[in-house]
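One structure below.
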Amino acid sequence: MIIAAKNIQKTFGALPVLKGVDFCADTAEVVAIVGASGAGKSTLLQILGTLLTPDAGSLKIADTDVLRLSQKDLSAFRNRKIGFVFQAHHLLPEFTALENVMIPALIGGEKPRKARERAEELLCTVGLAERLQHKPSELSGGEQQRVAIARALVNAPAILFADEPTGNLDTRTKEEIHALFFRLREKLSQTIVIVTHDAGLAKLCDRTCTLQDGAWL
């Protein structure tokens, strides 16, 4: 089991957002988390991704008790073991696709030559072999999301977390990105956890978990 979360609780002010949620995922499993707006999906994803600390509960990722790590060690762990894809691409506009993908590897201490090789390989994997030197403004929305996915994978993370990854894309591009996630699972044995409102994407996943008012339905 690559993710094991138990009794995750989170309150913002007087509002309980997560009310004792358990969650697990296996290696190479693709799991969808669905539910109405305000159900707690993104909060749960941020906690599972170590971006947010729960008020109570336990969380192990790749056999590491991440809630016991110092902030410095947690940042290093996140860089090595976790990849993120959001609805907004968050690409740096002044850098090319290749440079954007290389950045997390360089931050993690990888040598530039190896970071470049890995970035090129991933951009080819996501179908952008001809777009390496293009800047974000020269790419379509779907191409920018492919760059963001490659960037999330450059350090070979144990888990890829995606929050509404196709929310801003047209139907055809959505379907292409959906197919890409499952190719990545097959090629890289990638564990993927996706928060989505897209019923079509959720149906493709191995398992769908539904949140309602901070608890599983």
> Assuming R0 = 35 Å, what is the FRET efficiency of ASP73 and GLU117, from their Cβ-Cβ distance, to the nearest 0.05?
Replying inline: 0.80
>> I'd like to check one number: the per residue accessible area of the chain, probe 1.4 Å, reported in Å² as a whole number.
In response: 48
>> Under the 0.36 nm per residue contour assumption, what length would be gained going from the current alpha-carbon distance of THR53 and PHE182 to full extension?
In response: 43.5 nm
>> What distance in nm lies between label points placed 7 Å from Cα along the C-beta direction at LYS6 and HIS90?
In response: 3.0
> Of LEU122, LEU132, SER75, which is farthest along the charge dipole of the chain in the positive direction, counting Lys and Arg as +1 and Asp and Glu as -1 at C-beta?
Replying inline: SER75
> If you put +1 on each Lys and Arg Cβ and -1 on each Asp and Glu Cβ, how big is the dipole of segment 21-134 around its Cα centre, in Debye rounded to 20?
Replying inline: 280
> How many angstrom lie between the C-alpha centres of segment 145-178 and segment 96-141?
Replying inline: 14
> Using bins 10 angstrom wide from zero, how does P(r) for segment 19-121 break down, in % of all Cα pairs?
Replying inline: 12, 37, 35, 16, 2
> Which percentage, to the nearest 5, of the DSSP beta bridges contained in segment 62-217 is antiparallel?
Replying inline: 15
> Mean residue ellipticity at 222 nm from the helices of the chain, using -39,500 (n - 2.57) per DSSP H segment of n ≥ 4 over the full residue count, to the nearest 500 deg cm²/dmol?
Replying inline: -11500 deg cm²/dmol
>> Looking at the calculated P(r) for segment 93-189, what percent of the C-alpha pair distances fall above 16 Å?
In response: 53
>> Please compute the contact order of segment 48-134 in relative form: average sequence separation of alpha-carbon pairs under 8 Å and at least six residues apart, divided by the residue count, as a percent.
In response: 22
> Leaving out same-chain residues fewer than 8 places away, which lysines sit with a Cα under 30 Å from that of LYS19?
Replying inline: LYS6, LYS10, LYS41, LYS60, LYS72, LYS81, LYS203
> Label-point separation (nm) for ARG207 and LEU15, each offset 7 Å from Cα along Cα-to-Cβ?
Replying inline: 2.9
> What does the charge add up to near THR208, with Lys and Arg as +1, Asp and Glu as -1, over the other residues with Cβ less than 13 Å from its Cβ?
Replying inline: 0
> How big is the Cα convex hull of segment 140-217 in projection, averaged over all directions, in nm²?
Replying inline: 5.6
>> Relative contact order of the chain, please, whole-number percent, based on alpha carbon pairs below 8 angstrom and at least 6 residues apart.
In response: 32
>> Please state the shape class of segment 117-164: rounded when a/c is under 1.5, otherwise prolate if a/b exceeds b/c and oblate if not, all from the C-alpha gyration tensor.
In response: oblate
>> Contact order normalised by length for segment 99-217, with contacts defined as Cα pairs under 8 Å and 6 or more residues apart; what percent is it?
In response: 23
> For the chain, what ratio Rg/Rh do Cα atoms give with a Kirkwood hydrodynamic radius?
Replying inline: 0.96
> Based on the mean of other beta carbon atoms within 10 Å per residue, what is the order of 10-23, 84-97, most packed first?
Replying inline: 84-97, 10-23
> When the accessible area of the chain is computed with all protein chains present and a 1.4 Å probe, what percentage of it is carbon and sulfur?
Replying inline: 50
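The values are calculated or read from the model by the stated rules, or taken from the named source; none is laboratory data. As the structure is a prediction and not an experimental result, all values here were calculated from the model. Here the Cβ is made from the backbone with ideal geometry for all residues, glycine too, and neighbour counts use every protein chain on show. What goes into the accessible areas is simple: the full protein's heavy atoms, side chains included, and nothing from ligands, DNA or RNA. Shrake-Rupley method; radii C 1.70, N 1.55, O 1.52, S 1.80 Å.
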